[in-house]
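Quick notes on the structure that follows.
The values are calculated or read from the model by the stated rules, or taken from the named source; none is laboratory data. In this text the structure is predicted, and so the values were computed from the model without any measurement. Quick reminder, even Gly has a Cβ in these numbers, built from the backbone with ideal geometry, and neighbours come from all protein chains shown.
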Amino acid sequence: MRIPPLYRRKGYQRFFAGIVIGFICGWFFFLLSFGSLQEFYMTEIDRRDEEIKDLNEKFKHFREDYEEKNKENEKKLRIQEIKVSFLNREQVGLKGLPLIELENAVKSQLNDVLTKDIESVGQNSNLLIRTLENKNFFIGKETYNVNVYQMHLYTTLRLYLKVERVN
């Protein structure tokens with residue numbers, strides 16, 4: 001079996017030459033368009049990289065400024081209010097007026113802390129706790145002693161106290 005000698009016919013030669021020339025022209029067109037697209041995308045990527053660098057630098061600057069201002073503001077924070085909660089008032093039998101009087105007595109003991117900055121009160125919190133625990137409060141005919149169960153310190157000083165009746 002033999003392959004027919006088609007390479008000698010001019011029609012087939014032109015057809016195959018057209019395919020080869022078309023392939024070469026298509027390949028050059030592809031390279032040209034692909035190259036121009038790649039160049040466009042590379043310049044776009046470079047531009048966005050520069051924009052990202054600028055934004056990161058601005059963000060870093062703003063973050064540093066923000067942290068600095070927060071530190072300054074934390075130093076300026078002061079205690080504005082004192083809230084006292086008694087955890088075992090039912091067991092001791094504190095109700096009504098004696099409860100309010102004991103709460104006011106504890107608050108009056110802590111009035112020096114109002115308008116002090118939180119940092120200094122936090123450093124002296126042990127002294128504050130010992131002062132409350134060593135103080136006997138006379139309400140009516142009864143004497144009460146308080147133990148600090150928990151203390152939360154921010155712009156509001158929250159004290160959770162356990163009350164003991166002293167005989």
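Observations
- Residue within the range 111-118 that is part of a strand (DSSP E or B), closer than 19 Å to residue 81 by Cβ and without any contact (Cβ under 8 Å) to a residue 60 or more places away in the chain present: yes
- Counting only residues that are closer than 30 Å to residue 74 by Cα, of a type in the set (S, T, N, Q) and exposed (fewer than 13 other Cβ atoms within 10 Å of the Cβ), the range 138-167 holds 3 of them.
- Residue within the range 93-102 that is of a type in the set (Gly, Ala, Ser) and exposed (fewer than 11 other Cβ atoms within 10 Å of the Cβ) present: yes
- Test: residue in the range 111-130 that is at negative phi, of a type in the set (A, V, I, L, M, F, W, C) and not assigned by TED's automatic domain parsing to the domain that holds residue 157: no
- So residue 113, is it farther than 20 Å from residue 154 by Cβ, at pLDDT below 90 and surrounded by 12 or more Cβ atoms within 10 Å (Cβ to Cβ): no
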